[in-house]
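Below you'll find the structure, written out as C-alpha cells, and then a few comments.
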Amino acid sequence: MKTLSATAPAWSAAHIDADPLFFVQAEGAPPASARLLFVPKAAPRLSKASSGEPFEAGRDFTWIAGGREIALLPGSRIPYRTQVLLPPGSPDSIGASQDGKHHLLFGEGRFFHDQQVVAAYEPAETWAGPVPAADATNLARVRARLRARQPVKIVMLGDSISTGLNASGVIGAPPGQPGYPDLVAAGLRARCGGPVTLTNLSVSGMNAPWGVEQMSAAIVESPDLFLIAFGMNDASSRCPVAEYRENIRQMAAAMRAARPECDMVGVATMTANPDWNCYAPELYPAYRDALLTLRVPGFAVADVTSVWSWVVGRKKFLDLAGNGVNHPNDFGHRLYADVILALFP
C-alpha cells in the first residue's frame, strides 16, 4: 500500500490512494465523522490503515456526493473516538491541553495507526494550497551527481520526526512504509538510477542546539546532501526565532567549511496538535521564514510547514497524527518526503 498516491504527490495526483481519516464523535453531535482532503468524483473506498480490511458504503459509512465528509452508520465496523480531550490520568493520555483542564489522547507505537482509516478515490477538485517549487540553483552540485549517476550519500540530522516515528514501517505495522528520510533516499534513487545511501543521525527529543553539537559526527560521514530538520522541540520549548536561526546557520556553516561540495536542505517542521499546551502557532511559520533567510547556493529550504498547515486546515490534526501530539503518520511522512523531493526538478 502506498500513502497519498502511487505516482505523484498530493498536489498533482490524479488518484489518492490513502487519504487518512480519524473518526471522532463530537459531544452532542453524532454520528462520528471525518473529512477527506478532496471532494471525490465518486464514493470513496475505505479500508483500515493497519490491515487493509475494507469497509462498505451504506453499511459502515455514508458519503454525500459533492462533499468531503464521511459519517459513520450505527453498527459501523470503523473505529472511532467519543473523546480526545480526557480527564487527567486517563489511560492513553498525555498532559496537558490548552485549557489546562484535560489531557490529550496519546499513544506511541501503532496506537493511532490502528485507529485510522484510509480512503481511496479520484479527486473532483484540484489542490489549492501551496505547491513546493524546485530549487535547481541551490542544489546544483548534488543534482549534477544525481544526473551523472554518481554515488550520493545523504546524512540526516534531526529530532524524533526524522527518526521516522510514527511511520508504519518504523513501528512494525503494515503496510510497512518507511519514515520520510528513507522515502527521500528511495525517491532520489528511483529518479537517477544511481546509488543513493542514507545515514540517519537523528535522535528523539533533540533540538537545534543539540544539532550544533553533533556536527563533527555529521561531517565525518562525508555527505553529498545534508538534511537539517529541527523545529518541533525548539518550538515546544519556545526557543526565540533568532536563536533557532543562529543554530541552523552554525550547522550549515560548519558543514560548508568542512565539506564545501556538500549541498544542504533545511526542513521546516510540521505543526503540533493545536490542543496541546506546547503548541506554538506563531513559531512554526517564523522558523520557516528564518530558514528562508539562509537560502544561498548550496542551501535550499523544504517548506513542509506551509503544505502541512494547508492540509490540516482542510482536515484535522488527528487525521495526520502518528502519536496524537507531535509526530506524523504515514501520510505525514509522505508529505515530508514529497516536499523535499520537489526541490529536485
Of all residues in the range 194-217, which are of a type in the set (G, A, S), modelled with pLDDT of 95 or more and over 23 Å from the mean Cα position of the chain (by Cα)? S216, A217
Of all the helices (runs of 4 or more DSSP H) wholly in the range 160-233, which have at least 3 residues that are of a type outside the set (A, V, I, L, M, F, W, C) and touching a residue at least 40 places away in the same chain (Cβ under 8 Å)? 160-163, 180-192
Only one of these conditions is not met by P30: (1) at pLDDT 95 or above; (2) farther than 22 Å from A124 by Cα. Which number is it? (1)
Selected residue (only one of S97, S160 is more than 24 Å from F61 (Cβ to Cβ), in contact with a Phe, Trp or Tyr (Cβ under 9 Å, 6 or more places away or on another chain) and either surrounded by fewer than 20 Cβ atoms within 10 Å (Cβ to Cβ) or not basic (K, R) (or both)): S97
Being part of a loop (DSSP other than H, G, I, E, B) and touching a helix residue (DSSP H, G or I) at 6+ places or on another chain (Cβ under 6 Å), is that true of even one residue in the range 135-148? no
Qualifying positions in the range 330-345 - in a helix (DSSP H, G or I), touching a strand residue (DSSP E or B) at 6+ places or on another chain (Cβ under 8 Å) and of a type in the set (A, V, I, L, M, F, W, C): F331, L335, V339, I340
For F331, only one of the following conditions fails: (1) touching a Leu at 6+ places or on another chain (Cβ under 8 Å); (2) more than 25 Å from R81 (Cβ to Cβ). What is its number? (2)
Mind listing just one residue for me: the one in the range 100-118 that is in contact with a strand residue (DSSP E or B) (Cβ under 7 Å, 6 or more places away or on another chain) and within 15 Å of G332 (Cβ to Cβ) and, of those, surrounded by the most Cβ atoms within 10 Å (Cβ to Cβ)? F112
Taking the conditions exactly as written (touching a strand residue (DSSP E or B) at 6+ places or on another chain (Cβ under 7 Å), of a type in the set (A, V, I, L, M) and over 21 Å from W310 (Cα atoms)), does I16 satisfy them or not? no
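The values are calculated or read from the model by the stated rules, or taken from the named source; none is laboratory data. Since the model is a prediction, treat every value here as computed from it, not as a measurement. No Cβ is skipped: glycine too gets one built from the backbone with ideal geometry, and neighbour counts run over all protein chains shown.
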